[in-house]
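A short worksheet on the structure shown next.
The values are calculated or read from the model by the stated rules, or taken from the named source; none is laboratory data. Quick caveat, the model's predicted, so the values are computed rather than measured. Here the Cβ positions follow ideal geometry from the backbone for every residue, glycine too, while neighbour counts run over all protein chains shown.
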C-alpha cells in the first residue's frame, strides 16, 4: 500500500485537489444562505439580577415561528411606576398608540393592581387597520383578567410581519398557562421570545447603592435584524426595584433616550413600532425619588443611562451585515444638538459607511457628510481623527498623516472617528455600523 | 506524441483543469474590476444643436487620467446672461465659492468681453485649503488673458480626487492650444472631457419658437458614479441662444432646480462641488425676456425645465450599481413641499431601495418611509400603487391585490411608485434608483 506507483498517487492527489477547489468555487460563487451570529456580538447573554416585584414567562403561540417561544408575559407589582419612549413615526402601530395613551393616564394616577406586559414576535400588527386596535384590546382584556388587574395597565408590543392581521386568539389562548409559570428568574427567556431576525439576545444590568440600599436595574432589547417584509423594530424593556415617582422616571427616560437609543443608527430608517418601557417597583426601599435635581435622581439617571446605552450599542452590533462597530464623536459644534446632527449625518451617509466597509480611511467623505448636515461648519476649521491618528486639520490633510497608518487602523472591527468642527463647545457621540454586501443580501436578496 | 501513456495524459489534463479552476476561483473571489455601462443608459449621446455664440474645446492635461481629454474650455459671447445653482453643502469647494461670487456680480452689471468656462476632471480641488483658492485664481487669470476678457467672467469647476492640490499649471499650460480649437460643434467633446466615473455621457436639447424666432437649448452633465476617494459630484452646463435678462434667467433656473436636480437622489449624499450654470447668448433674436410672468418667460422656463429634467434623470440612470429607474409620485399631501419631502424620504430609504433591488413589492417599507418623513400623514388614509396596481388603501392591503401581480411588476427596470396621503392637495415627484451589490462594490470594495 505504501509503495504505489508515483503517477497513480499523483492522480489521487490531483483529483482530491480538484474536489476541494470545486467545493471552494461553489462556496465563492453562491451567496451565503444565512448569516450567522454577528461578528460584533458580545460574548454571551449577561446574568441579569432578580428585580423584586417583576416576574417573567415565555410561551409558544406559533404565530409565525415554530419550535420556539414567541410570546413574553411580564407582571410588575402593584404600586410600580412606568415610563416610556416611542417611535416618532407618523404611521405608528396600534400597540404604540395604545401604550402612549395608557402611559399618559398612569403618569397621573396610582396603579390598581399589577402592570402587565405582553410582547409577541412573528407579526407586527402594523398597517392592519381597525383590526389592529381590536387585537390590542383583546390581548389587554384577557391579560388583565388573568393577572387580576385593569386592562388600562396592560402594555403590548408586536414585532414581525406587517400588513397581516394578528392572530391574537393564539396569544390569548396560552396566557393562562404562561401565567402559571411566571418567575423572577425568567428574564432571559422573555428576551429570547421577542427576537425576530436578531442574531443574538441583548441584555444589560446595573447594581448600585442608594440611601444605603442596593438598587438593581435589568433590561433586554431586540433589534435590528430585518428580513422582508419585516421592518427594523427596536423593542426595549427595562426593570428596576428603585423607588421613583412616575413623573421623574419619565423625565429621566426621555432625557436618556436622546443620548442612547436616539444616538444610534443602522440605516437611518425608522420603524413604526419602536418602543421603550421602563418599570420601577420601589422594592429596593430607597426614599422615593421625587425630584430630577436630587443627588439620588442623578445617580439613578446615570446608572439607567449606562444600561440603556449598553443595550443601544448591542442593537448596532447586530446591524444587518455589520462588520465594524463605529463610534462617531463630534466636538467643537455650535451646540450639543448640532453636534449630534452632524454625527448622524456622518453615521447615516452611505458613502461613509461603505468606506468603513472597504477599510478605506476616506476622510473626504467625512467632510462631505459634515457639509450636508445643514449645521454650521467651516471647511477650514475641521479636524478629523481616525482613532488617535490625526488625519486632517485646517482644511487640508495633516502633514504628519501617512496613508498606511489610516489603512492599518481601519482593519480593526471597533473604530472611532472624531470630528472637531472648531467653531463652538457643543459635543455629541453617535454609534453606527458599516454598510456591507451583507445588508443588501438580507434586505434585497431574500424574498418574503 | 499522440500515444502517450494514459496516466501521463490524465495528469496533464487534471493539471490543466486545476489551472482553470484556480483562475475561475480567483475571479469569483475578486470583486469585478470595472462595471460596464449602466443598464439604464439611453441609446447614445444626442445630437446637440449649435448654439450661436458658444464655442467648445477639449484638451488633455493628464491631471489624473491619461489617454483621454480631462479639460473643457467654453467661450460664451460678450453680452450673454448667466445664472446658476450650487450645492447647499457647508463645506463647498473653492470653485463653487468663486462661481457664487462672480455670478452675484454679473447679475448686476453687463459683461465686458466673453464669458469663459473651464472644467477639469481628475482632481476636485476640494478640501485643499488656501491653495485651492490660488488654483482657481491662476486658472481664471490665464483664461481671461487668452480669451481677452476679465478674470471676473471666468467660471471654473473641478471634479475628481479630493484633498490633493490641483496641479493647475498643467491646465494653464494647455489653454492656449485649446483656445485655437474652439468650435461651435464640439459640445460632445466637452461633455466627455468632464466625465469621471460616469458610465455614459449625458446630453439633452430643445428647440422651440419664440417671437417667430427659433430658440435652441443644449446642455450636458456629469454624475454620479463615485470611486473612493472621489465624491458624487454633479456638474451641469446648459447653453441657449435665447435673449433673456440675467435676473429673470436666475429666477427661472432657481425655480426649475427644485423640480429637477433637487428632486433626484442616488444615495442622499451631497457633494461639495455640485454646480449648475446656464448661459444665454441672445443670438436667437427674440425680444429680450425681462419679466418672469410674461408668456415668453413661461414658455422658455418650461423648455429649459425639460432639458434640466432630462439631464437629472440621466444622472439617476447612472447611479452606482443601479438596475432600476424609479419614479416616486406623492399626491394628497398638505403642500407640494411636503409631498416632495415624503417622496425623498421614500427615495432615500435603504430599506425601500433594497426592496426594489430584490424585486420585492414591499409596501410595508413604503409605509415606514412615509412615517419617518416628519410630514403629516395618516396611516389609515394612505393609498399605494405600484405602477397601475392598487396595493394598499385605507390602512390595509387592498382586497383586489394579488402578490403575484406586484412581483411581476417589480421585474421591470422602469418602475413607478405612487403614494396618495389622502389629506390635502399637495403633490410632487422625485426620481431615484435601487440600492444593489453594485453600489457596495463601487464604494466599498474598491480601494483608492
Qualifying position, being more than 14 Å from chain B (Cβ to nearest Cβ) and closer than 22 Å to residue A:102 by Cβ, among A:158, A:190, A:183 = A:190
What do you reckon, is residue A:375 at positive phi, within 8 Å of another protein chain (Cβ to nearest Cβ) and crowded, with 18+ Cβ neighbours inside 10 Å?
-> no
Given (1) buried (at least 24 other Cβ atoms within 10 Å of the Cβ); (2) touching a helix residue (DSSP H, G or I) at 6+ places or on another chain (Cβ under 9 Å), index of the condition residue B:318 fails = (2)
Can you work out which of the residues in the range A:316-343 that are on the phi < 0 side of the Ramachandran plot, within 14 Å of chain B (Cβ to nearest Cβ) and at pLDDT below 90 is nearest to the chain's Cα centre (by Cα)?
-> A:319
Take the residues in the range B:151-171 that are touching a helix residue (DSSP H, G or I) at 6+ places or on another chain (Cβ under 6 Å) and surrounded by fewer than 19 Cβ atoms within 10 Å (Cβ to Cβ), then tell me which one is farthest from residue B:68 (Cα to Cα).
-> B:152
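Results for (1) at pLDDT 90 or above; (2) within 14 Å of chain B (Cβ to nearest Cβ); (3) over 22 Å from the mean Cα position of the chain (by Cα); (4) at positive phi, shown as yes or no for each residue.
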position: A:98; (1), (2), (3), (4): yes, yes, no, no
position: A:109; (1), (2), (3), (4): no, no, yes, no
position: A:151; (1), (2), (3), (4): yes, no, yes, no
position: A:195; (1), (2), (3), (4): yes, no, no, no
Would you point out the residue of the range B:70-86, among those that are surrounded by 22 or more Cβ atoms within 10 Å (Cβ to Cβ) and assigned to a loop (DSSP other than H, G, I, E, B), that is farthest from the other protein chains (Cβ to nearest Cβ)?
-> B:80
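Please go through the range A:153-164 and pick out each residue that is at pLDDT 90 or above and under 12 Å from residue A:124 (Cβ atoms).
First, pick out the residues of the range A:153-164 that are at pLDDT 90 or above: A:153-159.
A:156, A:157, A:158, A:159 - these are the residues of the range A:153-164 that are at pLDDT 90 or above and under 12 Å from residue A:124 (Cβ atoms).
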Do we find a residue being surrounded by fewer than 19 Cβ atoms within 10 Å (Cβ to Cβ) and at the interface with chain A (Cβ under 8 Å from one of its Cβ atoms) anywhere in the range B:383-398?
-> yes
Considering each of A:257, A:331, A:265 in turn, give the residue that is surrounded by fewer than 24 Cβ atoms within 10 Å (Cβ to Cβ), touching a strand residue (DSSP E or B) at 6+ places or on another chain (Cβ under 6 Å) and under 24 Å from residue A:115 (Cα atoms).
-> A:257
Of the residues in the range A:19-55, how many are modelled with pLDDT under 85 and touching a helix residue (DSSP H, G or I) at 6+ places or on another chain (Cβ under 7 Å)?
-> 9
Unmet requirement for residue A:126, which otherwise passes all of (1) closer than 25 Å to residue A:68 by Cα; (2) within 14 Å of chain B (Cβ to nearest Cβ); (3) not in a loop (DSSP other than H, G, I, E, B) = (3)
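Please verify whether the range A:402-412 includes one or more residues that are touching a strand residue (DSSP E or B) at 6+ places or on another chain (Cβ under 8 Å) and under 20 Å from residue B:87 (Cα atoms). Talk me through it step by step, then tell me what you get.
Applying the first criterion (touching a strand residue (DSSP E or B) at 6+ places or on another chain (Cβ under 8 Å)) to the range A:402-412 yields A:405-406, A:409-410.
Filter again for under 20 Å from residue B:87 (Cα atoms), leaving none.
Taking every residue of the range A:402-412 in turn, none turns out to be touching a strand residue (DSSP E or B) at 6+ places or on another chain (Cβ under 8 Å) and under 20 Å from residue B:87 (Cα atoms).
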Out of (1) touching a residue at least 12 places away in the same chain (Cβ under 8 Å); (2) within 13 Å of chain B (Cβ to nearest Cβ), the odd one out for residue A:119 is which?
-> (2)
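Got a sec? Which of A:358, A:306 is facing another protein chain (nearest Cβ under 8 Å) and over 16 Å from residue A:423 (Cβ atoms)?
Values: A:306 fails: facing another protein chain (nearest Cβ under 8 Å).
Sole residue among the options that is facing another protein chain (nearest Cβ under 8 Å) and over 16 Å from residue A:423 (Cβ atoms): A:358.
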When the range A:408-448 is checked residue by residue, the ones that are more than 8 Å from chain B (Cβ to nearest Cβ), surrounded by fewer than 16 Cβ atoms within 10 Å (Cβ to Cβ) and over 21 Å from residue B:91 (Cα atoms) are A:408, A:411, A:412, A:413, A:414
